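The values are calculated or read from the model by the stated rules, or taken from the named source; none is laboratory data. No experiment lies behind these values; they were computed from the predicted model shown. Neighbour counts are summed over all protein chains in view; Cβ atoms, including those assigned to glycine, are modelled from backbone coordinates with ideal geometry. These accessible areas exclude ligands, DNA and RNA; they are computed on the full protein's heavy atoms, side chains included. Shrake-Rupley method; radii C 1.70, N 1.55, O 1.52, S 1.80 Å.
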Amino acid sequence: MTAAHGGEKISVVIREAIPAQPALPPFSFSGERDNTITFKHPGYSDQYGQNVLLTLFAFDHPTGGLHYGTAHLACAIVACNAWNGYFTRTRDGPRLELDHDDLLVDRVLYYHVPADTGKYPVYPNFDNWAFPHDDLPPQWPSAVRSEGDGDDVTGAPPSSSTLTAAVLRRDKACVISKQGDCVEKAHLCPRSEVKWFDLNGTSQYNLNRQLIQDAVVDDISNVIALRPDIHTTFDDRRFVIVRKKGQWVVHFTDLTNDLGRLYHNTLLRLHQDVSSKCLLVRFAWAIFPSVMKFLSTGAGRVVRVRITVDDEFREATRKIGTEEARNTFATSRGRSISPKKRKGNAVTDEPGDASARPLDRSKRRRTVPAAPPSNVSCSTTASCPPSRNRPCPHTPPETLDKPLPTDLPENNDNFRSNSHRSRAQDPLYLKRLWLLRQRPSDPSLYCCDYNAAEAAAKAGVPGKREWGASHLCEECLGVEYCDESGHDSAAE
């Protein structure tokens, strides 16, 4: 294709496709599955691997190496914030003397806590982890130094409803990929952990002190801008943000196809409004699921849990068994999932939030079971007040309480074929009772007049299929109700 411009022809230039894996400058990264380091608890036996506290991927060197400060931080958090812990190569070996930015290359190491020569306690999961307000890790700064390129957030901090716009205005692009398309906000302390956030008093670091209840985590200090695929990987606990060589960097903790190779150990320029405390919370949240294997092996584990004494929260150290660990402390939450937004109101056209209202119940077509139960008497009559001059929709019409008529219309084959049967064996009778049970107690959920249908059934009008069913639409004839997640729920 050409175009004339000033007497000259200009042609479209076709570019070569951008490679799926662009060439990168030489750097040290290992994304191999076998490059791991196992950290053991010296208070338990080595037999059957029952003392494996954590196993972390070692991606910081091509042949397998792990940043000492990052490994130490993970073990210390699990060991009840024991920042003074140290590594040894053997159970009773000498202490490894390494600096924060040195690399660990041993495949197996022991993590010791000086004050506990035996079985030092561990936090069993994130819910029981106590945030170290006045005792942050030595290499973890109390604030993020202004390194970002975004705009300063002046004036009052944004509310929960304006948070997304404020974050995109501040960060301008994904803080990791530096791309500006399709960017979204990502919470550091996940919204699913709002209860933990409140109980640990972490809201004291919010810039907006007016946020309460579920919105308490929607502070601009607790969010960063990320590209959607990177956000998903972040919520899958596949990378964290840590300090290396005095700077904030991306550290991948799990295998990926491309993102680890592209962004592991890349420098982040975070805005000063981002909370370093929330970055530490995110790190702990990503690490704790790995502790479950330690808890579920062996005869028992010494753990530190949060209890309530005299209306106050306190920590208690106790021993738990394998079954209790599996049943009580298993991490039930997977990735951090943002609440599902509901559609706008059909009348007011207002946007909504899934947490702002109860789940809707929607109608969908159903197939009546071939053999519905015979005992379908209403058990909710007392709680189903009449409305719109209608009886309780669960109550069968009078015709079903009387014997079948003997003078059935000759042209009604259904009646004729079933006249010699008892009502307990009559499929039409059973089907109708089963349909009656499907009626909702809330009249707004159906549109047809059941009184008209029952009147037709009482009159036994010839040619009306299934006792007055012609007065009902197909949805009201047989419906089932489901919540927004798609799970069936019994009609109320």
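Computed from phi, the 3J(HN,Hα) profile of segment 235-246 under the Karplus parametrisation 6.51, -1.76, 1.60 (θ = phi - 60°) reads 6, 7, 6, 9, 8, 9, 10, 9, 9, 9, 6, x Hz, with x in place of Gly and Pro.
In this structure residue 184 has an accessible area near 70 Å², from a 1.4 Å probe over the protein heavy atoms. Computed from Cα atoms alone, the Kirkwood hydrodynamic radius reported for segment 253-298 is 13.4 Å. If you sort 434, 248 by accessible surface, 1.4 Å probe, largest first, the order is 434, 248.
Measuring only protein heavy atoms, the 1.4 Å probe finds residue 322 accessible over about 30 Å². For segment 130-234, the share of accessible area belonging to carbon and sulfur comes to 47 percent (1.4 Å probe, ligands and nucleic acids excluded).
Taking the Cα centre of segment 1-139 as origin, sum charge times position over the Cβ atoms of Lys and Arg (+1) and Asp and Glu (-1), and report the length of that vector in debye to the nearest 20. Numbers along the way, then the final one.
Numbers: 9 positive and 16 negative charges, 76 e Å.
Its charge dipole is roughly 360 debye.
Checking the Cα-Cα distances for 185/277; 40/244; 119/244; 195/277 against a 20 Å cut-off, the pairs over it are 40/244; 119/244.
Using a/c under 1.5 as the rounded threshold, could you call segment 155-241 rounded, prolate or oblate? The axes a ≥ b ≥ c are square roots of the C-alpha gyration tensor eigenvalues, and prolate needs a/b larger than b/c, oblate otherwise. It would help to have the intermediate numbers written out before the result.
Details: a/c = 2.41, a/b = 1.34, b/c = 1.80.
Note, shape of segment 155-241 comes out oblate.
Modelled spin labels at residue 96 and residue 156, positioned 7 Å past Cα toward Cβ, are 5.2 nm from each other.
Run the accessible area of segment 243-331 with a 1.4 Å probe and give the carbon-and-sulfur part as a rounded percent.
Values: 1740 of 3990 Å².
Answer for segment 243-331 is 44 percent, counting heavy atoms of protein chains only.
Scalar couplings 3J(HN,Hα) for segment 166-183, obtained by applying the Karplus form with A = 6.51, B = -1.76, C = 1.60 to θ = phi - 60°, are 5, 5, 5, 5, 6, 8, 6, 7, 4, 5, 9, 8, 6, 8, x, 8, 6, 8 Hz; x denotes Gly and Pro.
Would you please give the FRET efficiency between residue 292 and residue 164, computed as 1/(1 + (r/R0)^6) with r the Cβ-Cβ distance and R0 = 41 Å, to the nearest 0.05?
It comes out at approximately 0.75.
Dipole magnitude for segment 209-250: computed about the Cα centre from +1 point charges on Lys and Arg Cβ and -1 point charges on Asp and Glu Cβ, it is near 420 debye.
Our Cα-only numbers for segment 209-278 put the radius of gyration and Dmax at 13.6, 42 Å. Normalised by the number of residues in segment 78-206, the mean separation of alpha-carbon contacts (under 8 Å, six or more apart) gives a relative contact order of 19 percent. Once backbone amide H atoms are built at 1.01 Å from N, residue 40 has 53, 109, 110, 111 as its partners under 5 Å, excluding neighbours fewer than 5 places away on the same chain. Under a model in which nothing but the beta-carbon of Lys, Arg (+1) and Asp, Glu (-1) is charged, segment 226-296 shows a dipole of about 320 debye around its Cα centre. For segment 229-316, the extents of the C-alpha atoms along the principal axes are 48, 34, 26 Å, listed from largest to smallest.
Here the 3J(HN,Hα) profile of segment 77-88, calculated from phi with Karplus coefficients 6.51, -1.76 and 1.60 at θ = phi - 60°, is 4, 5, 7, 6, 6, 8, 5, 8, x, 8, 9, 9 Hz, Gly and Pro shown as x. Take segment 140-230 with all the other protein chains still there, run a 1.4 Å probe, and you get 47 Å² of accessible area per residue.
For 301, 145, 89, 107, give me the order by solvent-accessible area with a 1.4 Å probe, most accessible first, ignoring ligands, DNA and RNA. Can you show the working numbers first?
On the way: 301 5, 145 160, 89 135, 107 110 Å².
The most accessible residue leads, giving 145, 89, 107, 301.
Kindly identify segment 35-172 as rounded, prolate or oblate by the Cα gyration tensor criterion: order the square roots of the eigenvalues as a ≥ b ≥ c, call it rounded if a/c is under 1.5, otherwise compare a/b with b/c, prolate if a/b is larger, else oblate. Verdict is prolate for segment 35-172.
Heavy-atom accessible area with a 1.4 Å probe sorts 67, 61, largest first, into 61, 67. Quick one: if the Förster radius is 60 Å, what FRET efficiency do residue 314 and residue 9 give, using the C-beta to C-beta distance and rounding to 0.05? Between residue 314 and residue 9 the formula returns 0.15.
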